Amino acid sequence: MSRSNETAPVGFHPGELAVQRQAGVRARAARLSGMLRPPDLCGGAARFLAERTLAVLTARDHSGRLWISPLTGPLGVLDVIAASTLRIRTAPAARDPLHELPPGQPVGLLAIDFATRRRFRVNGTLTTVDEDGLVLEVDQAYGNCPQYIQRRHLHPGPPAAEGGNGPPVRYATSLTSDQARLIGAAETFFLGTTHPERGNDASHRGGPPGFVRVEGGSLWWPDYPGNNMFNSLGNLAVDSAAALLFADFATGHTVHLTGTAVLEWSPDGSADDEGGTGRRVRFHITSVVDGSGAPRHTPHPVRRPPHRKD
């Protein structure tokens, strides 16, 4: 399943092109197609990745279900060891649905720095899973804009637990009331999508608290204006498999969901067009897993005026 950079497809795939055309942004998106050229992780990209303590990974478990999971660790946990090879010096924790994920599959990784509102996508093939973590051979690597990233300062979560430490992964088919409240209050989540030829992708979604709605066995959220590349929505136009990750950055608690998603179009300016784009995404839940691998938020200290003596 491994693909070399020389044979990896380049440019937008038909799903991305179809969404770009319907959104009326095909010409603007075409100017960004150079970002999809074969990657070179050396230089600035290597420095950015080396300074990150949080990434999220989209992959499939041994049953073939798509999930997106957090990867946290100290500085250097993301280590560029060649121009198109990334060593990830950690792995999903024991209570994570991607624990002991199988190698030889396409994966998508997003490294993000909330403090500076920067993010960097890395997509390729997972070639190695060993005691040192993961190795990713990279097909695509490029930065994304800072829009909708809520500024916060995070410190890494606890190290990934080894197999056999802690309770097993528990799968459910519906949300608990606590999970629904966490999702309903979220201002950030991560979205995993897939394409049969281009592999998996991980992306960030942000908005005001409450922008994700819970309706029974489904969720929906408005699609806000972005970079017009439509990597995630283009994947969904071809393959409806999707995964979501929500995190409580105060406690490190996570909620993982896998299921299917569809892009819904409505006339611009209609009552349900909250994003101002005429688009929203509806996600139907197949499985839910509770986890605890998210980093914690460190609040800024409150600046108090100096004490004055009268």
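Each value in this text was obtained by applying a stated rule to the coordinates, not by laboratory testing. Bear in mind the structure is a predicted one, so any value in this text is a computation, not a measurement. Here the Cβ is made from the backbone with ideal geometry for all residues, glycine too, and neighbour counts use every protein chain on show.
Highest GNM mean-square fluctuation among A247, A45, A111, for the chain modelled with Cα contacts below 10 Å: A45. When the alpha carbon coordinates of segment 45-137 are projected onto the principal axes, the ranges are 37, 26, 21 Å, largest first. Put simply, the amide H of G275, placed in the peptide plane, has neighbours under 5 Å in D223, leaving out anything fewer than 5 places away on its chain. If only the Cβ of Lys and Arg carry +1 and only the Cβ of Asp and Glu carry -1, the dipole of segment 1-145 around its Cα centre is close to 820 debye. Any idea which of L109, S177, A93 is furthest toward the positive side of the dipole for segment 68-189, if Lys and Arg beta-carbons carry +1 and Asp and Glu beta-carbons -1? Going by the Cα projections, it comes out as S177. Note on segment 15-61: Kirkwood radius taken over Cα pairs, Stokes-Einstein applied at 20 °C and 1.002 mPa s, translational D equal to 155 µm² s⁻¹. With the charge dipole of the chain set up from +1 on Lys and Arg Cβ and -1 on Asp and Glu Cβ about the Cα centre, the Cα lying farthest toward the positive end among the listed residues G275, V238, A202 is that of G275.
Answer rounded, prolate or oblate for segment 48-207, using the Cα gyration tensor with square roots of eigenvalues a ≥ b ≥ c: rounded when a/c is under 1.5, else prolate when a/b is larger than b/c, else oblate. Since a/c stays below 1.5, the shape of segment 48-207 is classed as rounded. In this structure, the amide hydrogen of T260, modeled 1.01 Å from its nitrogen in the peptide plane, lies closer than 5 angstrom to those of A242, H284, T286, counting only residues at least 5 positions away or on a different chain. Per-residue Karplus couplings for segment 189-201, computed as 6.51 cos²θ - 1.76 cosθ + 1.60 with θ equal to phi - 60°, are listed in order as 8, 10, 10, x, 9, 8, 9, x, 10, 8, x, 9, 9 Hz, Gly and Pro entered as x.
Residue-wise HN-Hα couplings along segment 84-100, as the Karplus relation 6.51 cos²θ - 1.76 cosθ + 1.60 with θ = phi - 60° gives them from phi, are 9, 10, 10, 9, 9, 8, 6, 7, x, 6, 4, 8, 9, x, 9, 4, 6 Hz; Gly and Pro carry x. Here the dipole of the chain is about 1080 debye; that uses its Cα centre as origin and unit charges on the Cβ of Lys and Arg (positive) and Asp and Glu (negative). Considering only N228, L71, V138, and ranking their Cα positions along the charge dipole of the chain that arises from unit charges at the beta-carbon of Lys, Arg, Asp and Glu, the one farthest toward the positive end is N228. Say R0 is 30 Å: what FRET efficiency, to the nearest 0.05, do R89 and R170 get from their beta-carbon distance? Calculated transfer efficiency: 0.60.
A Cβ-based charge dipole, computed about the Cα centre of segment 90-139 with Lys and Arg at +1 and Asp and Glu at -1, lands at about 460 debye. Diffusion of segment 169-296 by Stokes-Einstein, at 37 °C in a medium of 0.692 mPa s and with Rh set to the Kirkwood radius over alpha-carbon pairs, works out to 219 µm²/s.
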